[in-house]
Each structure stands twice: as C-alpha cells, then as structure tokens.
Amino acid sequence: MAKTAIIIGAGPAGVTAAYELLTKTDIKPIIIEASSYIGGISRSVRFNGNIIDLGGHRFFSKDKVINDIWQKFMPFQGQPTLEEKMVGRSTKLTIGGPDPEKIDNVFLMRSRVSHIYYLDKFFDYPLSMKWRTFKNLGFNKTIKAGFSYIKSRFIKKEENNLENFYINHFGSFLYKSFFKDYTTKVWGRNPSEIDASWGKQRVKGLSLTKAIGSVFKKKQNEEASLIKSFAYPKYGVGSMYEAIAKWCVNNGAILHQNFCVTGITIEDNKITSIEINHKEELKADYIISSMPLKDLINAIKGNIPSKEIYDIANHLPYRDFIGVGLLMKDLKIHNESKIKTINNRIRDTWIYVQQGNVQLGRIQVLNNWSPYLVKDNENTTLIGLEYFANEGDKLWQMSDKAIIDLAINEACTIGLIDKNQVIDSTINRVLKAYPAYFDSYKDIDKLVSYLNSIDNLYCIGRNGQHRYNNMDHSMLTAIKCVEAIKGDIKKEDIWKVNTKSEYHE
C-alpha cells in the first residue's frame with residue numbers, strides 16, 4: 001500500500017513539499033489548509049477587479065532548484081507589457097518567452113525601487129551615498145552621520161541584540177535615523193530587545209561600507225540586499241502557489257481547505273493521528289507541518305511534552321499584520337526620475353516610513369509590482385498601507401472602518417495622498433504573520449530538539465520553524481524535508497536552511 005504524508009499548510013513550503021513528494025517519491029501528499037486560500041502570507045487578495053498582495057514578495061533566489069520550480073510554472077516574459085509599450089520603457093525580455101498580454105502564468109521583470117521616508121523626505125533604500133542623500137540630511141546631520149560611522153569602525157559593540165548589530169554596520173546616528181523607528185513599528189519592541197540573529201539573517205552582507213563601495217564599482221555578484229531587479233507573477237505572488245497547488249492536485253495530491261488541525265495524538269514518539277475541526281481523524285505515515293510552533297505544541301494530545309517545552313512554545317512571540325488597500329485617482333507625490341511612467345506615477349515598489357508621528361510602517365505601490373494587479377492601471381493607483389500589531393492590542397481591536405480611516409489620515413499626514421482622491425478601500429488581517437526573535441526564542445533549540453525526536457514529524461516554512469524566512473528559504477525547507485524522508489540527509493539539516501540566506505528585505 002502506498003505511503004501518505006499529511007502536509008499542514010498550503011503556503012510556499014506546503015505546496016512545495018507536495019510537489020517534491022509527487023516528483024521525487026511514491027508518497028501521496030494530503031494538504032490540509034485552515035483557510036479558503038492558497039499561499040499563506042504569500043497570497044493575493046482580489047477585490048472589485050483589483051488584486052492586492054499581503055506584503056510584496058520579490059521572486060529572487062540564487063538557488064537553481066528554486067528558480068527551476070518557479071520558472072516551470074511562470075516562464076519569463078518574452079514581450080513587453082502594455083504599460084511598457086505605452087511609455088516606451090524597455091525591460092529584460094526572454095527569447096521565446098510568453099506575451100503577458102496573452103498569457104496569465106508569466107513572470108514579469110520588474111525594477112526594484114524603494115525609499116525610506118524620513119524628515120518628510122525620501123531617501124534611497126538601501127541607503128546610497130548620493131548628493132540627494134546629503135542634501136536631504138543637511139550639512140550638520142551628514143557630519144554627525146560620518147563621525148558616528150567612523151566611531152563604529154573602531155569601537156565595536158557586542159552583537160548580542162539587533163540595536164548593536166545595526167550600530168556596528170551603520171553607526172549610531174544612521175541607526176537612530178533610518179532603522180530604529182521602523183524596526184520598533186514592525187516588532188513592537190525596541191531593537192535592543194531583539195536577538196541579533198534577525199539582523200544577520202535579514203540584511204546579510206549589507207553595511208554602509210558596501211553602500212559606499214557600490215558608488216565606485218559595480219560588483220558582478222551584488223549582495224543580496226542590493227539587487228536591482230526581480231521577477232514577479234502577472235497576477236500577484238499568490239498566483240504562483242495557486243499554480244503549484246493546482247498542478248499537485250492534478251497529479252494525485254489531495255487538498256482540503258477550511259480544515260483546521262485541532263488535535264495531534266502521539267504515541268511512542270510518533271504521530272498516530274491528526275484531528276480535524278474537532279471531529280474527523282486522519283492518519284498518515286509522515287506529518288509535514290508549517291503551522292506555527294505554538295499552535296503545533298498546543299494541539300498535542302496524549303504524550304504531552306514537558307512543561308519546559310510547553311512554556312517555550314507558548315512564549316514564542318509573533319507579530320500580526322494589518323494591510324489596508326486604497327485605490328486612488330492619483331497620489332500627491334510623482335515620479336522624479338528620467339524613466340517614463342504612466343501619468344508620471346512614482347516608481348517605488350516599497351516605501352519604508354521612518355516617521356515617528358504615524359503608526360504606518362510601509363507602503364506598497366501595487367501598479368509597480370505588476371500593472372495587471374490594477375483593473376484600470378492607466379487611470380488609478382493602488383497602494384497597500386502596512387500596519388503591525390499584536391492580537392488583542394488597541395490597534396488590532398479597532399474596527400475595519402476605523403483602521404481604514406486611520407490609514408487614510410496617516411497617508412495624508414505624510415503627504416502621500418489627498419483624502420478626496422480615494423476611490424475604494426479594503427482591509428486584510430493576518431495572525432502570526434511574523435515570527436519574532438525575542439522572549440523564549442532564546443531557548444528555541446530545546447524546542448527544536450523535542451520536535452526532531454518525534455519520528456514522523458517534519459517542520460518546514462516560516463512559522464513551522466519560527467524563522468523569518470523568505471519564500472525561497474521556506475521552499476528549501478520543504479525540499480530538504482523530502483530529502484530527509486528519503487533518507488538522503490538528517491532531519492536536523494532541515495533547520496539549517498536559514499543559515500544559507502541569499503536575499504532579504
């Protein structure tokens with residue numbers, strides 16, 4: 001009889017695990033997804049003919065296996081988009097690639113343009129040593145930044161927290177100016193309370209030295225955080241994982257949506273059954289979990305883990321996400337570059353709001369991720385305003401209308417929009433969107449050892465490993481998981497993927 005594997009979660013890691021099982025083994029995957037959608041936080045939400053992604057996820061990886069999977073489902077564009085034709089803008093095209101005006105499953109090649117909003121001005125992200133940077137900072141602040149950075153070269157702080165990590169790489173002045181407020185918004189904690197490993201993983205190789213060096217020479221292999229372009233699906237990030245899931249189902253996988261894991265029975269260090277929606281029981285030879293570690297531990301019945309393991313799991317911190325989408329007639333700020341855009345629209349994909357007078361953390365301009373996300377790309381601009389909260393806090397408990405009103409008012413406050421230009425709006429909330437690196441995270445190795453001791457359990461993905469992974473890293477944990485099931489590697493090796501970080505933001 002063929003063996004089976006229950007895969008908990010249909011995000012990038014979950015659907016990749018199913019794909020790998022189908023292509024590399026005879027094991028039948030059964031995907032269990034608690035929601036009605038595919039992709040986890042890497043999903044696309046449709047509203048009134050528009051599509052909004054929950055935090056843009058750039059498709060960029062130096063791992064050939066990941067790129068091969070992506071390109072199997074989304075080949076690179078071979079013809080320009082309608083927008084590119086209209087403004088006469090060139091982009092990298094692939095000979096023989098599909099025409100995005102005719103084919104839906106296609107990768108568009110997009111330019112990476114991001115800014116930091118600070119002092120009511122826009123600064124390049126990552127920081128660049130251009131005249132505009134010095135002009136926006138002003139003479140006094142530029143001098144302070146320079147001396148602060150020089151000091152950080154000679155007097156190193158112990159990198160036992162995120163604050164010290166940033167200061168060592170950028171100096172205390174630039175840290176306070178460009179990192180402290182935004183990081184505090186994202187995590188709800190001062191960076192001095194956050195483990196330095198988050199910074200080491202997320203901004204690998206990036207420092208002011210690298211930013212200065214990039215002015216004088218162009219490196220053949222740029223640091224991951226300095227990439228200039230990326231691929232993006234025509235209809236948003238979620239369409240990639242919807243395509244993979246569809247392929248898996250067509251090739252023998254079973255997909256159950258709105259199936260919530262409510263119980264896990266363990267006997268003799270092996271999961272014997274999974275309870276679904278408090279009533280149905282499923283059994284399988286292997287359990288591959290991308291559910292949050294806290295929820296995984298709390299679902300265990302029978303062979304309950306020790307109080308220490310239970311406490312570590314239940315004190316792992318998460319940050320929740322609130323995304324507000326605003327469909328605009330126009331923005332107040334416009335394109336200042338020489339590259340042409342429709343209606344002189346700004347070219348940014350992301351804007352990081354380093355302003356302490358608003359709760360708003362980050363802004364997406366969805367048209368610039370893909371013009372096909374917006375029903376009327378020529379005449380409207382779709383922006384995503386990102387907020388970070390903790391379940392049950394004041395912001396999270398606000399009504400949807402109150403949060404949308406807050407987002408509109410704060411976008412007006414920073415000079416991004418006029419209120420009378422708003423055409424439509426939507427809101428999305430995501431629990432446990434970001435696993436955080438403080439509180440009991442310092443003891444996570446004990447939890448990992450316990451989970452690895454359960455013979456047929458394999459933990460993958462962002463929440464499944466409590467690692468702030470990118471999509472390619474989450475997918476790699478799934479690939480390593482199948483290798484471990486096959487006996488090619490040890491189970492412990494699945495947890496080492498995050499040390500091979502290639503691209504972060």
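The values are calculated or read from the model by the stated rules, or taken from the named source; none is laboratory data. Values in this document were obtained by computation on a predicted structure and should not be read as measured data. Virtual Cβ from ideal backbone geometry, glycine too; neighbours counted across all protein chains shown. In case anyone asks, the SASA skips ligands and DNA or RNA and just uses the protein heavy atoms, side chains included. Shrake-Rupley method; radii C 1.70, N 1.55, O 1.52, S 1.80 Å.
Listing for the model above:
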read-out	value
Some residue of region 269-276 being open to solvent by less than 30 Å² (accessible area, probe 1.4 Å), closer than 19 Å to residue 491 by Cβ and of a type in the set (S, T, N, Q)	no
Those residues of region 310-339 which are part of a strand (DSSP E or B), closer than 21 Å to residue 380 by Cβ and of a type outside the set (A, V, I, L, M, F, W, C), in sequence order	323, 325
Qualifying position, being over 30 Å from residue 330 (Cα atoms), open to solvent by 20 Å² or more (accessible area, probe 1.4 Å) and either aromatic (Phe, Trp, Tyr) or modelled with pLDDT of 95 or more (or both), among 453, 440	453
Given (1) in contact with an Asp or Glu (Cβ under 8 Å, 6 or more places away or on another chain); (2) assigned to a helix (DSSP H, G or I); (3) modelled with pLDDT under 90, index of the condition residue 174 fails	(1)
Those residues of region 452-480 which are assigned to a loop (DSSP other than H, G, I, E, B) and polar (S, T, N, Q), in sequence order	453, 456, 469, 470
Candidate set from region 117-146 (those that are in contact with a strand residue (DSSP E or B) (Cβ under 8 Å, 6 or more places away or on another chain) and among the hydroxyl-bearing types (Ser, Thr, Tyr)); member that is modelled with the highest pLDDT	117
Region 257-297: number of residues that are of a type in the set (A, V, I, L, M) and not in a strand (DSSP E or B)	5
Among residues of region 27-49, those that are more than 17 Å from the chain's Cα centre (by Cα), assigned to a loop (DSSP other than H, G, I, E, B) and of a type in the set (A, V, I, L, M), counted	2
Pair list, Cβ under 7 Å, 6 or more apart: region 7-26 residue on the phi > 0 side of the Ramachandran plot, other residue open to solvent by 10 Å² or more (accessible area, probe 1.4 Å) and of a type outside the set (Ser, Thr, Tyr)	9/33; 9/40; 9/291
Matching residues, region 340-389, being open to solvent by 40 Å² or more (accessible area, probe 1.4 Å) and either under 22 Å from residue 42 (Cβ atoms) or not in a helix (DSSP H, G or I) (or both)	340, 347, 356, 357, 359, 372, 375, 376, 378, 379
Filter result (touching a strand residue (DSSP E or B) at 6+ places or on another chain (Cβ under 8 Å) and farther than 21 Å from residue 262 by Cβ) within region 1-28	2, 3, 15, 17, 18, 21, 22, 27, 28
Checklist (1) without any contact (Cβ under 8 Å) to a residue 24 or more places away in the chain; (2) within 23 Å of residue 432 (Cα to Cα) applied to residue 32, failing item	(1)
Number of the exception - residue 420 against (1) touching a residue at least 24 places away in the same chain (Cβ under 8 Å); (2) surrounded by fewer than 17 Cβ atoms within 10 Å (Cβ to Cβ); (3) under 28 Å from residue 358 (Cα atoms)	(1)
Matching residues, region 232-255, being assigned to a strand (DSSP E or B) and surrounded by fewer than 17 Cβ atoms within 10 Å (Cβ to Cβ)	254
Residue, nearest to residue 184 (Cα to Cα), within region 318-330, restricted to residues that are open to solvent by 10 Å² or more (accessible area, probe 1.4 Å) and over 17 Å from the mean Cα position of the chain (by Cα)	327
Residue that is nearest to residue 299 (Cα to Cα), among those in region 1-26 that are open to solvent by 20 Å² or more (accessible area, probe 1.4 Å) and not in a helix (DSSP H, G or I)	4
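Conditions tested, residue by residue: (1) open to solvent by 10 Å² or more (accessible area, probe 1.4 Å); (2) within 30 Å of residue 265 (Cα to Cα); (3) free of Cβ contacts under 8 Å to residues at least 40 places away in the same chain.
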| site | (1), (2), (3) |
| --- | --- |
| 429 | yes, no, no |
| 467 | yes, yes, no |
| 478 | no, yes, no |
| 486 | yes, yes, no |
